[in-house]
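Everything on this sheet refers to the single structure shown next.
The values are calculated or read from the model by the stated rules, or taken from the named source; none is laboratory data. No experiment lies behind these values; they were computed from the predicted model shown. Here Cβ is always computed from backbone atoms with ideal geometry, including for glycine, and neighbour counts include all displayed protein chains.
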Amino acid sequence: MLDLSYRVKEWNFIRMSLGSKLKDLRLSKRKSLQEVANSVGASKPHIWELERGTSKNPSLELLKNLAKYYSVTIDFLTDDTSENDRVQAFARSIAEKNLSDSDLLILDNLAKELDKKNRDAN
């Protein structure tokens, strides 16, 4: 059976807070707070406060820079509920269909292509 557990992690990732997402993204890229701060034009303490949830109102410019740095959308970072509802409904519908491994692989490849297209558009 095809292992799509990493996709399940992505779908569960949607439920996380901004700070948790930022920290998880940073750790998954094996970057330090200072490296992220330098890359997005922010101070190390500000990035740390965002990750801890003690600073909850980042500027739009900082959100854009963070989204670009991590190759995600601002909606993903800020937990846009309508988008999350659609993604969760889609994930549930896939799970309910008992798709074959080849069908799951097709969906996974499509998701990767859409991710690439979105990154290239940014």
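Say whether the condition of being at pLDDT below 95 and in contact with an Asp or Glu (Cβ under 8 Å, 6 or more places away or on another chain) is met by at least one residue in region 51-63. Checking region 51-63: at least one residue is at pLDDT below 95 and in contact with an Asp or Glu (Cβ under 8 Å, 6 or more places away or on another chain). Please work out which residue is modelled with the lowest pLDDT, limiting yourself to region 73-105 and to residues that are in a loop (DSSP other than H, G, I, E, B) and within 21 Å of the chain's Cα centre (by Cα). Filtering first and then ranking leaves Asp80. Of the residues making up region 40-57, those that are small (Gly, Ala, Ser), loosely packed, with under 14 Cβ neighbours inside 10 Å and over 12 Å from Leu22 (Cα atoms) are Gly41, Ser43. The lone criterion from (1) of a type outside the set (Phe, Trp, Tyr); (2) without any contact (Cβ under 8 Å) to a residue 40 or more places away in the chain; (3) surrounded by 11 or more Cβ atoms within 10 Å (Cβ to Cβ); (4) in a helix (DSSP H, G or I) left unmet by Asp108 is number (2).
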